[in-house]
Amino acid sequence: MADEKATLNIPGLGLIELPIKSGTIGQPVIDIQQLAQHGMFTFDPGFMSTAACESKITYIDGDQGILLHRGYPITELVENSDYLEVCYLLLNGELPTKQQKEEFISEIKQHTLVHEQLRDFFYGFPRTSHPMAIMCGVVGALSAFYHDSLNINIPEHRHVAALRLIAKMPTLAAMAYKYSIGQPFVYPKNFMGYAENFLHMMFSVPADIEERPDPVLVRAMDQIFILHADHEQNASTSTVRTAGSSAANPFACIAAGIAALWGPAHGGANEAVLNMLEEIGSEENIPKYIARAKDKNDTFRLMGFGHRVYKNFDPRAKVMRKTCYEVLTHLKLLD
């Protein structure tokens with residue numbers, strides 16, 4: 001917090017002094033809350049110049065390509081931690097000790113199963129349903145099954161809600177995939193790690209000899225989870241905060257966030273990349289599509305080339321590039 005003030009000259013009202021706040025890192029901000037007392041408001045579509053809250057969780061400097069979680073660079077977390085350690089860090093502010101990690105993992109494993117009646121929800125969807133449509137429905141439906149630990153003013157209740165969401169999301173996502181391809185649901189196995197369990201539920205089938213997922217693929221999946229663990233006040237986070245401001249059921253709030261994530265201008269951009277690659281088809285078609293992308297009269301766009309926040313480079317992309325090469329080399333798809 002700084003003592004400096006900004007002075008705003010409003011016609012008919014005169015000079016108004018507004019406090020300037022400074023965080024531990026990043027640019028200072030002007031506190032404009034008192035403008036409402038004078039009948040004035042700001043106009044900032046997309047919150048391009050507006051901070052809606054204080055945060056101790058994530059810091060992004062798009063110009064420098066910096067992404068920090070609780071002060072730790074994302075590259076450092078990917079190299080030295082696993083996803084559940086990062087979850088603990090985001091929730092508690094510090095990386096866990098060995099004992100804290102074991103206790104946290106044990107708590108997560110208590111919540112990996114979902115209520116058996118939730119299976120019936122899936123059968124109400126067409127097999128061709130978009131996975132995000134299913135996730136919106138079934139995650140929202142969790143609010144009908146869990147009526148306890150919903151007082152957001154009680155830290156323990158917030159903790160239990162977070163545990164349930166972290167634990168059940170891979171189970172539900174895998175169930176959505178299995179349903180789409182007509183295979184039976186696969187239950188979680190709590191002796192496996194978080195990412196390993198997810199891949200097990202996604203790709204194992206009862207008819208085959210059960211084998212544990214490939215450790216290289218498990219590590220890659222875990223890194224992908226870390227890279228998507230948090231990204232400051234994005235569209236889905238803002239949506240969850242808005243829904244949560246009414247003290248709504250946390251599962252309903254997350255379902256709202258999933259709906260926002262669905263859009264092609266947010267998380268749906270990943271899907272748009274896959275659709276683009278399928279359209280391009282093969283390597284010999286690349287020059288043609290690059291030419292189309294450069295043609296201002298052509299509606300074709302190249303998808304997946306950077307996040308708009310990062311003006312220089314996305315630090316997550318550098319990590320993902322390395323992981324991608326490791327996986328492709330391991331699978332002998334790349335020399």
- Only one residue in L77, L113, L84 is part of a helix (DSSP H, G or I), of a type outside the set (K, R) and either within 27 Å of L142 (Cβ to Cβ) or open to solvent by 40 Å² or more (accessible area, probe 1.4 Å) (or both). Which one? L84
- Note on the structure: Expected output for segment 228-255 (first residue in contact (Cβ under 8 Å) with a residue 12 or more places away in the chain and over 24 Å from I154 (Cβ atoms), partner surrounded by fewer than 19 Cβ atoms within 10 Å (Cβ to Cβ) and not hydroxyl-bearing (S, T, Y), Cβ below 6 Å, 6+ apart or cross-chain) is A235/H266
- Item | Filter result (small (G, A, S) and either under 30 Å from I66 (Cα atoms) or in a strand (DSSP E or B) (or both)) within segment 1-51 | A2, A6, G14, S22, G23, G26, G46, S49, A51
- What residue, of S55, S49, is loosely packed, with under 13 Cβ neighbours inside 10 Å and either among the polar types (S, T, N, Q) or closer than 30 Å to D3 by Cβ (or both)? S49
- Of the candidates I108, I134, the one satisfying the condition of being in a helix (DSSP H, G or I), out of contact with any Gly (no Cβ under 9 Å at 6 or more places or on another chain) and more than 19 Å from D222 (Cα to Cα) is I134
- Query: What is the residue count in segment 254-301 for residues that are open to solvent by less than 50 Å² (accessible area, probe 1.4 Å) and of a type in the set (S, T, N, Q)?
  - Reply: 2
- Query: Just one of M175, M135, M192 is closer than 19 Å to V240 by Cα, out of contact with any Ser or Thr (no Cβ under 8 Å at 6 or more places or on another chain) and at pLDDT 95 or above; which is it?
  - Reply: M135
- Taking V218 as meeting all but one of (1) of a type in the set (A, V, I, L, M, F, W, C); (2) at pLDDT 95 or above; (3) part of a loop (DSSP other than H, G, I, E, B), write down the number of the exception. (3)
- Note on the structure: Note on N92: of the conditions (1) under 18 Å from the mean Cα position of the chain (by Cα); (2) in contact (Cβ under 8 Å) with a residue 12 or more places away in the chain; (3) more than 19 Å from N197 (Cβ to Cβ), unmet is (2)
- Assess whether F125 counts as being under 24 Å from A176 (Cα atoms) and open to solvent by 70 Å² or more (accessible area, probe 1.4 Å). no
- Item | Any chance A174 is in contact (Cβ under 8 Å) with a residue 40 or more places away in the chain and part of a helix (DSSP H, G or I) | no
- Note on the structure: Wholly inside segment 228-302, helices (runs of 4 or more DSSP H) that include 2 or more residues that are within 30 Å of Y146 (Cβ to Cβ) and modelled with pLDDT of 90 or more are 235-244, 250-262
- What are the residue pairs meeting all of these: first residue in segment 119-130, first residue under 16 Å from F145 (Cβ atoms), second residue open to solvent by less than 80 Å² (accessible area, probe 1.4 Å), Cβ atoms under 6 Å, and 6 or more apart or on different chains? F121/V138; F121/A141; F122/Y179
- Note on the structure: Per the filter on segment 195-217, residues of a type in the set (V, I, T), free of Cβ contacts under 8 Å to residues at least 24 places away in the same chain and open to solvent by less than 60 Å² (accessible area, probe 1.4 Å) are V205
- Query: So is E326 surrounded by fewer than 17 Cβ atoms within 10 Å (Cβ to Cβ), farther than 28 Å from E85 by Cα and modelled with pLDDT of 90 or more or not?
  - Reply: no
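The values are calculated or read from the model by the stated rules, or taken from the named source; none is laboratory data. Since this is a predicted model, take the numbers as computed values, not measurements. A quick note on method: Cβ atoms are made from the backbone with ideal geometry, for glycine too, and the neighbour counts reach across all protein chains shown. Accessible surface is based on the protein model in full, side chains and every heavy atom, while ligands, DNA and RNA are left aside. Shrake-Rupley method; radii C 1.70, N 1.55, O 1.52, S 1.80 Å.
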